[in-house]
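The structure appears right after this line, and notes come after that.
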Amino acid sequence: MNILAIESSCDDTAAAVVKDGRTVLSSCVSSQIEMHTIYGGVVPELASRKHIEAISGLADKALADAELSRADLDAVAVTYAPGLIGAVLVGVNFAKGAAMALDLPLIPVHHVRGHIAANYITHPDLEPPFVCLCVSGGTTAIVDVRSYTEMEIMGSTRDDAAGECFDKVARVLGIGYPGGAPMDRLAQGGDDLRYELPLAHVTGHELDMSFSGLKTASLNLIHNAQQKGEPLDLPSFAASFGRAVSQSLVPRAMAAAKAKGYGKVAVAGGVAANSRIRADLQAACAQSGDQLYLPELRYCGDNAAMVGCQGYYEWQAGHTAGWELNAYATRDI
Ligand code: KG4
């Protein structure tokens, strides 16, 4: 079954063709980062306009790269939530048009489910149930993946997402947008114990997380150093920050894995590319005996291959949509 998949929930326009849920025949991503960089963050209206310009050509390229024609397609899958509403609407409307014109089923895919499915591409042996730590610019949650299409949030952030926290701190440091990858690179060679940063704890909800205190403490530390004219040891600050984020995420993911007892832990989303988090998860799983699944770096960030992969399992479960399908800024997994 060949699925044309579309993703446009934030600042990447993406199209892919995926065969039978696991084989990526093509994956095209057009990033808008350069345009948003000058504003220090994604400007929603500009993102929507850029998606409109890119989406049609990108879908054609995905077909050409897969060496298929439109007649070879069996369904169209699309991210319908969550995301920037104008941006998601572009993808949903394009997918509706394509499905209608080609007389194909339309499959709505939740963006976070897509991130989780990126693991199926990298690990052909991975099957639910497993526990997945989902960390991106908009989401930070620990998910009980009971089956391909039955999932439950076990814990999540009460405020900022981990990626958002990386981005805001990096912006104040002036090291670029989005800030996660440059912070990660900067942290190499830094002393992760040099700066003490707070770790939040949500009493009574042990698997929930909070990053707003870490963000504020980091911004205050940077501001105070600037005011006093004291140079910040940037690599050590980035390493200390990475340690704090990882210490909020990894022990909770492991506690969730222990509670479920599946013996399998996965990670998903843009922040899953972080080297500290990957290393800490590796060490924790080596100790607990859980099997760890890490997605390839190219499938951590937003892409459409993950949407095509999850779309296949949604289709198998009978989750198709009619032309009334809407886009949503927020939606339960
Ligand atoms: O999954 P994604 O591409 O978009 C969303 O669905 O949100 O994630 C983007 C986020 C950004 O916040 C970016 O700074 C972060 O992923 N990110 C990283 C790294 N690479 C990307 N954060 C930490 N370390 C990285 N290496």
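Overview of results
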item: Point-to-point label distance, Asp72-Gln316, nm (Cα→Cβ direction, 7 Å offset); result: 2.2 nm
item: Projected area averaged over orientations for the stretch 125-298, convex hull of C-alpha atoms, nm²; result: 10.1 nm²
item: Lys pairs under 22 Å by Cα in the chain, provided they are eight or more residues apart or on distinct chains; result: 8
item: Considering only the chain, percent of DSSP beta bridges that pair antiparallel, nearest 5; result: 60 percent
item: Phi-based couplings in Hz for the stretch 145-153 (Karplus 6.51, -1.76, 1.60; Gly and Pro marked x); result: 8, 6, 8, 4, 10, 10, 9, 9, 6
item: Structure-based [θ]222 nm, the chain - -39500 (n - 2.57) summed over DSSP H runs of at least 4, per residue, nearest 500; result: -14500 deg cm²/dmol
item: Directionally averaged shadow of the stretch 68-185, computed from the convex hull of its alpha-carbon atoms, nm²; result: 9.9 nm²
item: Mean separation of Cα contacts under 8 Å (6+ apart) over length of the stretch 92-175, as relative contact order %; result: 18 percent
item: Rounded to 5, percent antiparallel among DSSP beta bridges of the stretch 127-222; result: 90 percent
item: In Å, descending, principal axis extents of the Cα set of the stretch 29-115; result: 42, 24, 22
item: Placed amide H near Met209: partners under 5 Å, 5+ positions off or other chain; result: Ser156, Thr157, Arg158
item: HN-Hα J in Hz across the stretch 282-296 - Karplus 6.51, -1.76, 1.60, θ = phi - 60°, x for Gly and Pro; result: 4, 5, 5, 6, 4, 6, 7, x, 6, 7, 9, 10, 10, x, 4
item: Amide hydrogen neighbours beyond the local backbone of Ser26, cut-off 5 Å, H modeled; result: Val17
item: Chymotrypsin sites (Phe, Trp or Tyr not before Pro) lying in DSSP loop within the stretch 255-302, provided at most 11 other Cβ fall within 10 Å; result: none
item: For the stretch 210-226, Karplus couplings with θ = phi - 60° (6.51, -1.76, 1.60), whole Hz, Gly/Pro x; result: 8, 10, 5, x, 5, 5, 5, 4, 5, 5, 5, 4, 5, 4, 4, 4, 5
item: Fraction of antiparallel bridges per DSSP, the stretch 125-298 only, in percent to nearest 5; result: 60 percent
item: Calculated P(r) tail over 29 Å for the chain, as whole % of Cα pairs; result: 37 percent
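None of the figures in this text is laboratory data; all of them are computed from the coordinates on show. Remember, it's a predicted structure, so these values are computed and weren't measured experimentally. Don't worry about glycine lacking a Cβ; one is built from the backbone with ideal geometry, like all the others, and counts go over all protein chains shown.
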